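Okay, structure first, notes after.
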Amino acid sequence: MTATDFESDVRALLQLQGWFVTGEKILGHKKIDAYAERTDSLGALQRVAIECKEWERSLSQRDVSNIFANYYPLIERNLIDTILIVTSRGISPSAMTYVEDTRNLRHLTHAQLLNALIDFRAHIQAMISSYTCEAVSKYYVAQDYVEGKGSIEQYLLEWVNSEDSQPIAVLGGYGFGKTTLAKRLGYILGLRCNRDHSARIPVLIPLAHIATDQTLEGLLGRQFTSATSCPNYNFQLFMSLNMRGRFVFFLDGFDEMKKTMSWDALVFNLTQLNQLVTPKSKVVLLGRPSAFLSSDEQEEALHGRVRHLGATRRVPGWPDYRELHLSPFTREQVTTFVRKYLRTLSANNHASVDKSHRVGSYVSSIESEHGERLLDLASRPVQLWMLMDLLPEYTGSLDKLTVAILYSEFIDLLLRREASKTSRSAFTKEQRLRFIAKLAYWMWQDGQRSDFDLRRLPEFLFEEHQKALQEVHSLDVKRDLVSGGFLDRKPPNIFYFPHRSFQEFLVAEEIRHMTYGRDPRINDCGYLTPEATSFVVELLGKRGIKLLRDWWMDSLRISNNLDSLIRTGCAYYGVEWRVSSAAPEPKSPTREEREALLTKLNIAGVVSSPEREKKQLKEKRPKPLPSQKPKYYRRH
């Protein structure tokens, strides 16, 4: 910035504060850089002579005293009340002492003048506290991203310090820790602001609270007058500071902007948010790619490219976001996370020791040969954090913590978290579970496919949910249900479960529902993998397996898949089965048949069964010595 530009910018900033400012003028004997005046709240006129110094070094005490000596006659003649020195590099400590001890003399750096326009101190402290008050701050692990090496945290911090002003879209499915990343960066940048007043101010705006057709002015007004109180805030002043590069924006959760939001409303809100993108701004948009139902929607929302009549055109003025995709945790990152978590547990009481033991046992289980599916769950930061939070509260025996129980409680926790959000309040946790289970089963029936084209989804999946919201367009109901679950999207219109095990568990959940609802379509069930079979067997329990057996044991039309499922369940729980009406009497499986069926579950990680546990317990029971009689022995 040249000296002329520096003086012009100082005048502009004072005008934004409400001063009437004139440029260079002769005042008395002195030619001054700028003159400003305004009337205070008591009606008195304040007159200030401004000296601007855009130097490569800080001003010394001699420099400051010379300036004061040159201007002091104007004070004596009552032409001005205050001398304001504005510098780019500040002044020396001795010069600062001189200013503090001298009446009618003030000094501000350019950054301090900027900060004086709106008081963001409370906001910055709120940004710091927002992160430190959360337990995850104690065991945070930086995440990788697909497009580059190193952590995305490091990349974004380097981008903030650079001259690159292209906005960034951080994309990640459910549980990738986008909100935690935004809070973490807000915390780091907030601490930097406290050390360096010229540093950019972080602004985190949760988009879940945005209303339909809400203007940017209304959104920012809520943020800086309600969420955090910032004295002197007004929209025009704030936007002027943004034009000068004072902020880093984190717009978190574009997929949560409103429940069942229409595409037109979403585009309108993005149009409002895009006003923050200027040649000197830093804007980060975070959300799930599943919010877009097609590649065309994503191209329009993030890049301003619209297809029309077979051709692609740019939307004038629409910013082109650089897409960055979060990567799942590696095994090493999971281990680091868990170690940090364990260090946060106090060893001063029995409860904490037990908690640490339970988490440690879980870590051992995911490192075993049967723990790959549990490791999949831990690969997403939010899910890993939930597992650490969920497992210590598990009231059952840790030795009996089965995969199905873990998945069931975990998915229940995820859906409860989604249903608690204002933007997801259209449907309850139970309604979302019913939809996602029906969807998983429909996909499984279609060749065990792990993904689907949204345009091919049958309407019956949405019928009961559409009835609950008759006034909402069907496409918007689909958007809410699809984006409010576990689904991710890959271009152009393909959605999928981030973990195969999620789908297998939900298929089992739908089979459980069909069993207790006596839905005859269960006989059309496709082949179940060992993992899916283990989920069904554990979810149904001994009672459910008997119910399923009794329902179908006399049917000549029982499918091979259903028959195999019933046989496996019977073998697992040690109950009898009948093949068909041709075998009217109950039939117990032979030892070889039972072992063959249980091997299928062993592959899935179910390494025991009630019958096997009884046998192992009997084998472990100490036998009495020949010369002794056991205490329980009685002669009759």
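General remarks:
- Leu439 meets the conditions (1) under 20 Å from Asp519 (Cα atoms); (2) free of Cβ contacts under 8 Å to residues at least 12 places away in the same chain; (3) surrounded by 12 or more Cβ atoms within 10 Å (Cβ to Cβ) in every case but one. The failed one is (2).
- On the stretch given as segment 482-513, residues that are out of contact with any helix residue (DSSP H, G or I) (no Cβ under 7 Å at 6 or more places or on another chain) and not aliphatic (A, V, I, L, M) total 5.
- Residues located in segment 400-436, provided they are at pLDDT 85 or above and exposed (fewer than 14 other Cβ atoms within 10 Å of the Cβ): Glu430
- When Ile80, Ile26, Ile91, Ile85 are checked against the criterion of being surrounded by 16 or more Cβ atoms within 10 Å (Cβ to Cβ) and more than 27 Å from Asn194 (Cα to Cα), a single residue qualifies: Ile80.
- Test: Phe495 is of a type outside the set (S, T, N, Q) and touching a strand residue (DSSP E or B) at 6+ places or on another chain (Cβ under 7 Å): yes
- Cβ pairs under 6 Å, 6+ apart, first in segment 552-568 and more than 21 Å from Glu538 (Cα to Cα) and among the aromatic types (Phe, Trp, Tyr), second at pLDDT 90 or above and outside any helix (DSSP H, G or I): none
- Residues considered: Leu528, Leu539. Of these, the only one that is buried (at least 17 other Cβ atoms within 10 Å of the Cβ) and under 18 Å from Asp446 (Cα atoms) is Leu528.
- Restricting attention to segment 453-481, the residues being touching a Leu at 6+ places or on another chain (Cβ under 7 Å), closer than 19 Å to Phe292 by Cα and among the aliphatic types (A, V, I, L, M) number 2.
- Scanning segment 232-257 for residues that are closer than 19 Å to Lys421 by Cα and assigned to a helix (DSSP H, G or I) returns Phe254, Asp255, Glu256.
- Residue within segment 474-481 that is crowded, with 19+ Cβ neighbours inside 10 Å, under 23 Å from Tyr407 (Cα atoms) and not charged (D, E, K, R) present: yes
- Scanning segment 482-537 for residues that are of a type in the set (S, T, N, Q), within 24 Å of Thr428 (Cβ to Cβ) and modelled with pLDDT under 80 yields one hit, Ser483.
- The residue that is surrounded by the fewest Cβ atoms within 10 Å (Cβ to Cβ), counting only those in segment 2-16 that are part of a helix (DSSP H, G or I) and among the β-branched types (Val, Ile, Thr), is Thr4.
- Residue in segment 94-117 that is in a loop (DSSP other than H, G, I, E, B) and under 48 Å from the mean Cα position of the chain (by Cα) present: no
- All conditions but one from (1) more than 44 Å from the chain's Cα centre (by Cα); (2) not in a helix (DSSP H, G or I) apply to Ile75; the one that does not is (2).
- Flag if Ile201 is out of contact with any Ser or Thr (no Cβ under 6 Å at 6 or more places or on another chain), crowded, with 18+ Cβ neighbours inside 10 Å and at pLDDT below 85: no
- Restricting Arg200, Arg195, Arg222 to those that are touching a residue at least 60 places away in the same chain (Cβ under 8 Å), of a type outside the set (A, V, I, L, M) and farther than 25 Å from Pro491 by Cα reduces the list to Arg200.
- Within the option set Gly245, Gly221, being surrounded by fewer than 21 Cβ atoms within 10 Å (Cβ to Cβ) and out of contact with any helix residue (DSSP H, G or I) (no Cβ under 7 Å at 6 or more places or on another chain) holds for one residue only, Gly245.
- The lone criterion from (1) part of a helix (DSSP H, G or I); (2) assigned by TED's automatic domain parsing to the domain that holds Tyr527 left unmet by Leu413 is number (2).
- Verdict on Ser580 being in a loop (DSSP other than H, G, I, E, B) and modelled with pLDDT under 65: yes
- Looking across segment 280-301, the residues that are farther than 18 Å from Thr179 by Cβ and either of a type in the set (A, V, I, L, M, F, W, C) or in contact with a helix residue (DSSP H, G or I) (Cβ under 8 Å, 6 or more places away or on another chain) (or both) come down to Lys280, Ser281, Lys282, Phe292, Leu293, Ser294, Glu297, Gln298, Glu300, Ala301.
Results for (1) touching a Phe, Trp or Tyr at 6+ places or on another chain (Cβ under 7 Å); (2) assigned by TED's automatic domain parsing to the domain that holds Pro202; (3) closer than 24 Å to Gln143 by Cβ; (4) surrounded by fewer than 20 Cβ atoms within 10 Å (Cβ to Cβ), shown as yes or no for each residue.
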{"site": "Val277", "(1), (2), (3), (4)": "no, yes, no, no"}
{"site": "Lys280", "(1), (2), (3), (4)": "no, yes, no, yes"}
{"site": "Leu286", "(1), (2), (3), (4)": "yes, yes, yes, no"}
{"site": "Trp318", "(1), (2), (3), (4)": "no, yes, no, yes"}
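- Qualifying positions in segment 94-103 - crowded, with 16+ Cβ neighbours inside 10 Å and not hydroxyl-bearing (Ser, Thr, Tyr): Ala95, Met96, Val99
- Extreme residue, nearest to Arg455 (Cα to Cα), among residues of segment 292-318 that are touching a residue at least 24 places away in the same chain (Cβ under 8 Å) and of a type in the set (A, V, I, L, M): Leu293
- Exclusive hit being more than 30 Å from Ala426 (Cα to Cα) and either surrounded by fewer than 17 Cβ atoms within 10 Å (Cβ to Cβ) or touching a helix residue (DSSP H, G or I) at 6+ places or on another chain (Cβ under 8 Å) (or both), set Leu251, Leu237: Leu237
- Listed by first and then second residue, the pairs linking a residue in segment 517-537 that is under 20 Å from Trp551 (Cα atoms) to a residue that is in a loop (DSSP other than H, G, I, E, B) and of a type in the set (D, E, K, R), with Cβ atoms under 8 Å apart and 6 or more places separating them unless they lie on different chains, are Asn523/Arg557.
- Flag for Leu390 being over 29 Å from Leu266 (Cα atoms) and modelled with pLDDT under 65: no
The values are calculated or read from the model by the stated rules, or taken from the named source; none is laboratory data. Only a predicted model underlies this, so the values are computations on that prediction, with no experimental measurement involved. Positions of Cβ are backbone-derived with ideal geometry, glycine not excepted, and every protein chain shown enters the neighbour counts.
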